[in-house]
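Everything below concerns the one structure shown next.
The values are calculated or read from the model by the stated rules, or taken from the named source; none is laboratory data. What you see is a predicted model; the values in this text were computed from it and never measured. A quick note on method: Cβ atoms are made from the backbone with ideal geometry, for glycine too, and the neighbour counts reach across all protein chains shown. Just the protein is used for accessible areas: all its heavy atoms, side chains included, with ligands, DNA and RNA removed. Shrake-Rupley method; radii C 1.70, N 1.55, O 1.52, S 1.80 Å.
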Amino acid sequence: MKKVITLFALMLFTAVAVAQPQGGQMGKFDPNQFKADMHKFIAAKAQLTEEEQTAFFPLFDEMKDKERSLFTSQRKIKHRPQTDEEYREAINQYDKIDVAQKNLQRVYHQKFLKVLPAKKVFWVIRAEDGFRTQMLRNMARARHKHDFKNQTKK
């Protein structure tokens with residue numbers, strides 16, 4: 001009987017280990033793949049030619065790098081203020097960063113207009129929002145699917 005239980009436990013542990021994604025995670029984020037997917041999505045939705053892509057995407061990536069810096073600053077704001085004054089300061093910092101992000105977008109939209117027609121800049125902006133929405137939905141589906149698999153194994 002002990003051998004049967006031991007064998008069963010060993011098979012169960014093996015099955016769980018094989019079923020887990022590599023590293024025990026749902027999948028690692030690959031920033032280069034994300035960037036390539038975003039470029040492809042935007043180029044298709046905005047119908048960018050090869051020449052337009054060559055002129056546009058370096059500016060777009062520059063803007064994204066600067067935005068990422070602002071997001072990092074926002075994450076560094078004190079997470080658990082203690083006093084009312086600290087809460088006010090945190091709110092003011094968030095607001096300043098939001099305004100800086102909008103100003104950055106405005107500046108880069110003007111730069112985009114120098115290399116693309118206005119119609120395509122409009123569709124680039126819409127496509128970027130659409131890509132972000134699609135990625136969030138895909139991540140939510142993947143998480144739900146992963147959670148469902150884990151629940152059915154219990």
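Can you tell me what the convex hull of the Cα atoms of the range 38-154 projects to on average, as an area in nm²?
10.4 nm²
May I ask you to compute the full-extension gain from Met139 to Lys66, defined as 0.36 nm times their residue separation minus their alpha-carbon distance, rounded to one decimal in nm?
Going from the current span to full extension adds 23.8 nm.
Probe radius 1.4 Å, ligands and nucleic acids left out: which of His79, His109 has the largest accessible area, and how do the rest follow?
Ranked list, largest accessible area first: His79, His109.
List, in order, the whole-Hz ³J(HN,Hα) value for each residue of the range 107-121 obtained from phi through the Karplus relation with A = 6.51, B = -1.76, C = 1.60 and θ = phi - 60°; use x for Gly and Pro.
3J(HN,Hα) across the range 107-121, in whole Hz: 4, 6, 4, 5, 5, 4, 5, 7, 10, 9, x, 4, 4, 6, 4.
How much FRET efficiency would the formula 1/(1 + (r/R0)^6) give for Lys119 and Phe29, where r is the Cβ-Cβ distance and R0 is 41 Å, rounded to 0.05?
0.80
Using 1/(1 + (r/R0)^6) with R0 = 41 angstrom and r between the beta carbons of Leu59 and Ile91, what's the FRET efficiency to the nearest 0.05?
So, using R0 = 41 Å, E works out to roughly 0.80.
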